[in-house]
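This report concerns only the one structure given below.
The values are calculated or read from the model by the stated rules, or taken from the named source; none is laboratory data. Note that the structure is predicted; figures quoted are calculated from it, not measured. Using ideal geometry, Cβ is built from the backbone for each residue, glycine included, and neighbour counts are taken over all protein chains shown. Areas reflect the complete protein model, heavy atoms only, side chains present, ligands, DNA and RNA absent. Shrake-Rupley method; radii C 1.70, N 1.55, O 1.52, S 1.80 Å.
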Amino acid sequence: MTPRHLERSHKDAAVLILLVLLSAALFFVKLGATGLFDADEPAYAQAAREMLQRGDWVTPYFNGQPRFDKPVLFYWLILLSYRLFGVTEFAVRVWSALAALGLVVLLWQAARRRMGSDAALWTGVAFSANFLTALLARAAVTDMLLTFFVTAAILAGLAA
């Protein structure tokens with residue numbers, strides 16, 4: 001690698017670190033400070049709690065009734081969070097925030113590869129600062145995980 005490429009590589013790494021830190025602050029600060037809202041957050045949290053209490057990681061239950069309307073992966077991730085952080089609002093929401101942070105990195109990387117470093121920075125900033133992104137990154141709903149995996153698949157297809 002030439003010194004110029006090495007210098008650009010260090011600059012890109014520094015920009016990515018700064019972007020990740022800023023996005024993480026937006027997505028994670030006081031993530032569990034508010035109670036669960038909407039109809040979905042409490043339903044996901046309660047179903048995962050019932051799975052944890054039953055010791056059944058296969059069948060989601062909500063108020064004692066099987067709940068098969070959403071993929072089980074989200075419940076498994078919440079169960080893992082419950083094991084790591086306890087049964088808290090933060091544990092329920094952390095996967096949405098991590099998926100949003102992963103999206104920032106994926107979008108930055110794709111933009112850098114196709115449009116350059118400056119465009120990559122603004123892509124990450126625009127995505128992170130978007131009101132809906134920040135809202136869904138802080139909510140225990142499947143939207144951010146779905147968006148992360150669909151985006152990763154599309155970018156992998158483009159790269160192939």
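Taking every protein chain into account, the accessible area of the chain amounts to 57 square angstrom per residue (probe 1.4 Å). 3J(HN,Hα) couplings calculated from phi for the stretch 11-22 with the Karplus curve 6.51 cos²θ - 1.76 cosθ + 1.60 (θ = phi - 60°) are, in sequence order, 5, 4, 5, 5, 5, 4, 4, 4, 4, 5, 5, 5 Hz; Gly and Pro show x.
Please find the FRET efficiency linking Leu73 to Arg8, where r is the Cβ-Cβ separation and R0 is fixed at 35 Å, and quote it to the nearest 0.05. Don't jump to the answer; show the numbers that get you there.
On the way: r = 38 Å, r/R0 = 1.08.
The calculated FRET efficiency here is 0.40.
Only helices enter the 222 nm calculation for the chain: every DSSP H run of n ≥ 4 contributes -39,500 (n - 2.57), and dividing by all residues gives -25000 deg cm²/dmol, rounded to 500. Amide H to amide H distances under 5 Å link Phe62 with Arg67, where only residues 5 or more positions off or on other chains count and H is placed in the peptide plane.
Relative contact order for the chain using alpha-carbon pairs under 8 Å, separation at least 6, rounded to a whole percent? It would help to have the intermediate numbers written out before the result.
Details: 174 pairs, mean separation 41.5, N = 160.
About 26 percent, as a whole number.
Taking 0.36 nm per residue of separation and subtracting the Cα-Cα distance, what length does fully extending Ala129 through Asp38 add? All intermediate terms of the calculation are to be shown ahead of the outcome.
On the way: separation 91, 0.36 × 91 = 32.76 nm, distance 2.21 nm.
Here the segment from Ala129 to Asp38 would lengthen by 30.5 nm.
With all protein chains in place and a 1.4 Å probe, the accessible surface of the chain carries 66 percent carbon and sulfur.
Of the peptides 138-144, 78-84, how do they stack up when ordered by the mean number of other Cβ atoms within 10 Å, highest first?
Working: 138-144: 21.4, 78-84: 16.9.
Put in order of decreasing packing, that is 138-144, 78-84.
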